[in-house]
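What follows is a set of notes on a single structure, which appears directly below.
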């Protein structure tokens, strides 16, 4: 299986005019964490995915999906 977690985190973040640092502050993580999630290097925990969705005012399913 070659499933991967895809995301539109950067698209939504930039739609709202937020920097990686600002989003990181809202979610109480580092800017590097936001960067690695956006680039698909790091798969966020369920808790972090939910915090990101809440901070970006969208359902988690609009930010993350399984890409096959």
- Filtering the range 51-61 for residues that are under 17 Å from residue 6 (Cβ atoms) and touching a helix residue (DSSP H, G or I) at 6+ places or on another chain (Cβ under 8 Å) leaves a count of 6
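Where in the chain are there helices (runs of 4 or more DSSP H), lying fully within it, with 2 or more residues that are out of contact with any strand residue (DSSP E or B) (no Cβ under 8 Å at 6 or more places or on another chain) and crowded, with 16+ Cβ neighbours inside 10 Å?
Working: elements: 9-15, 20-27, 31-38, 46-55, 60-63.
Answer list for the chain: 9-15, 20-27, 31-38, 46-55.
Rule-based calculations on the coordinates, nothing more; no lab input. Since the model is a prediction, treat every value here as computed from it, not as a measurement. Note that we place each Cβ from the backbone using ideal geometry, even for glycine, and neighbour counts take in every protein chain shown.
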